[in-house]
Every structure is written in structure tokens, then in C-alpha cells.
Amino acid sequence: MKRIIVYLIEIILCYVLQSSLSQYIELAGIMPNLLLILVISTAFMRGKLPGLFMGLFSGLLVDLMSGTLVGLCALFYMTIGYLTGFTHRYYDRDDYTIPVILIAVGDLFYGFLFYIFNFLLRGRLHFLYYFRRIIIPEMIYTIAAGILLYKLLHMINHRLDRKLEEEA
């Protein structure tokens with residue numbers, strides 16, 4: 001139960017940081033995707049199902065607050081969380097390279113899915129422009145933010161594991 005409460009607090013904090021600090025941390029119109037970092041980190045540290053549920057609730061929050069098609073971001077985040085959860089068996093507390101690579105691949109996948117469902121299906125075929133101007137800069141910025149945020153999330157997860165082991 002404590003873990004679920006911590007997950008909900010993490011989702012809310014990441015969303016608030018991503019939405020309210022946008023004017024301060026935005027570079028050239030690009031923002032790091034903090035919720036995606038949270039979903040990928042949780043899936044990598046905890047497995048497929050926590051990644052899936054973290055993606056579901058994060059995506060629903062984004063969908064409900066943005067006012068666009070409800071369920072689309074939830075589907076994207078759920079897919080990325082579930083697929084990242086397969087890498088849980090390679091989780092090592094001292095390794096930070098795999099999560100950074102997963103964040104890069106996840107953001108690339110998210111950007112590609114976002115392009116397909118929001119632009120390509122509407123007849124906008126300028127993929128190279130979107131790839132150069134949006135996907136790559138956002139991926140680089142998300143990686144940079146992901147390095148810092150993953151360390152914080154890793155520390156929270158480690159302390160929560162120790163606390164739950166002591167109680168058992």
C-alpha cells in the first residue's frame with residue numbers, strides 16, 4: 001500500500017513539475033518528458049505490471065488535463081512501460097547506462113507514436129522536419145533530465161525497498 005501511495009505522489013509531482021515549470025525549463029520550445037522518465041524508471045526497477053500501471057495512470061492524467069483524445073497518451077505510456085518492464089531482469093542498482101538508453105529509446109518511440117497518431121493520420125507528411133525539430137531535441141533534453149531524475153527515483157525505490165524489508 002505504501003508503494004502505491006509513493007507512486008501516486010511521484011506521478012502528481014512529475015506532472016506538476018512538467019506543467020508548471022514549463023516556462024522556466026523550456027529550451028527552444030522543447031520540454032523534457034518527466035512522466036515518461038518516471039514510467040520507464042519504474043518499469044525498469046520494478047517490472048512489467050508496475051510499469052504498465054504507472055503508464056496507465058500517468059497517461060490518463062496527461063489526457064484528462066490536456067483535453068485532447070482521452071486514452072491516447074495512456075496507451076503510449078502503458079505500451080512503453082510494459083515493454084520496458086521486460087528489461088527488469090537486467091536491473092542492477094549500480095548501473096545507470098541501461099536506464100539512460102531505455103529513456104532515449106522510449107522517448108524516441110513516444111515521439112514516433114505521437115507523430116503517427118497526431119500528424120500522419122491528419123495528412124501532415126513532414127516527418128523529417130518533425131524528427132529534426134521535435135523528436136531529436138526532446139530526446140536529448142529528456143535524456144539529460146532523465147539522468148538526474150532516475151538517480152532520485154532510484155534512491156526513493158531503494159529506501160522504500162529497505163523500509164518494506166525491515167517491516168516484514
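I want to make sure I understand the PRE zone here: with the label point 7 angstrom from the Cα of R133 toward its beta carbon, which residues in the range 1-41 have backbone N atoms less than 13 Å away?
Under 13 Å, as judged by backbone N against the label point of R133, lie 29-30 of the range 1-41.
How large is the accessible surface per residue of the chain, computed with a 1.4 Å probe and reported in Å² as a whole number? Let's see the in-between values first.
Details: 9700 Å² over 168 residues.
Accessible area per residue: 58 Å².
If you rank E165, E26, E138 by how much accessible surface each has, with a 1.4 Å probe, what is the order from largest down?
On the way: E165 130, E26 85, E138 40 Å².
Highest to lowest solvent-accessible surface, that is E165, E26, E138.
Can you send over the solvent-accessible area of S41, 1.4 Å probe, protein chains only, in Å² to the nearest 10?
0
Within the chain, what whole-number % of the accessible surface is contributed by carbon and sulfur, with the 1.4 Å probe and all protein chains included in the calculation?
Carbon plus sulfur share of accessible area: 70 percent.
Note down the magnitude of the dipole of the chain about its Cα centre, charges +1 on Lys and Arg C-beta and -1 on Asp and Glu C-beta and zero elsewhere, to the nearest 20 debye.
Working: 14 positive and 12 negative charges, 54 e Å.
About 260 debye.
What's the magnitude of the charge dipole for the range 72-168 around its Cα centre, counting Lys and Arg as +1 and Asp and Glu as -1 at the beta-carbon? Answer in Debye, nearest 20. Let's see the in-between values first.
Values: 10 positive and 9 negative charges, 111 e Å.
The dipole magnitude comes to about 540 debye.
Farthest toward the dipole's positive end in the chain, which of I134, F117, M65, given Cβ charges of +1 (Lys, Arg) and -1 (Asp, Glu) about the Cα centre?
It is F117.
The chain: longest stretch without exposed chymotrypsin sites (Phe, Trp or Tyr not before Pro) (DSSP loop, at most 16 other Cβ within 10 Å), sites themselves excluded?
Numbers: sites that count: Y91, Y96, F119.
Longest stretch, sites excluded: 1-90.
Relative contact order for the range 1-140: what is it in percent, counting Cα pairs under 8 Å that are at least 6 residues apart?
Details: 166 pairs, mean separation 31.8, N = 140.
Dividing the mean separation by the residue count of the range 1-140 yields 23 percent.
Among N118, N157, N33, determine the one that fluctuates most according to a GNM of the chain built with springs between C-alpha atoms less than 10 Å apart.
N118
Report, in degrees rounded to the nearest 10, the 0 to 90 angle that the Cα long axis of helix 97-118 makes with the longest principal axis of the chain.
40
State whether the range 16-71 is rounded, prolate or oblate according to the following rule on the C-alpha gyration tensor (a ≥ b ≥ c being the square roots of its eigenvalues): a/c under 1.5 gives rounded; otherwise a/b larger than b/c gives prolate, and the remaining case gives oblate.
Numbers: a/c = 2.95, a/b = 1.45, b/c = 2.04.
Here the range 16-71 falls in the oblate category.
For L56, what is the net charge nearby, where nearby means another residue's Cβ is under 15 Å from its Cβ and Lys, Arg count +1, Asp, Glu -1? Walk me through the numbers on the way to the answer.
On the way: positive: R46, K48; negative: E10, D63.
So the surrounding residues net to 0.
Specify the angular offset, from 0 to 90 degrees and rounded to the nearest 10, of the alpha carbon long axis of helix 72-85 from the longest principal axis of the alpha carbons in the chain.
50
At R0 = 22 Å, how high is the FRET efficiency between I156 and I101 if r is their beta carbon distance? Nearest 0.05 is fine.
On the way: r = 21 Å, r/R0 = 0.97.
It comes out at approximately 0.55.
The values are calculated or read from the model by the stated rules, or taken from the named source; none is laboratory data. Not measured: the values here are computed from a predicted model. Because the Cβ atoms are built from the backbone with ideal geometry, glycine has one as well, and the counts that use them run over all protein chains shown. Areas reflect the complete protein model, heavy atoms only, side chains present, ligands, DNA and RNA absent. Shrake-Rupley method; radii C 1.70, N 1.55, O 1.52, S 1.80 Å.
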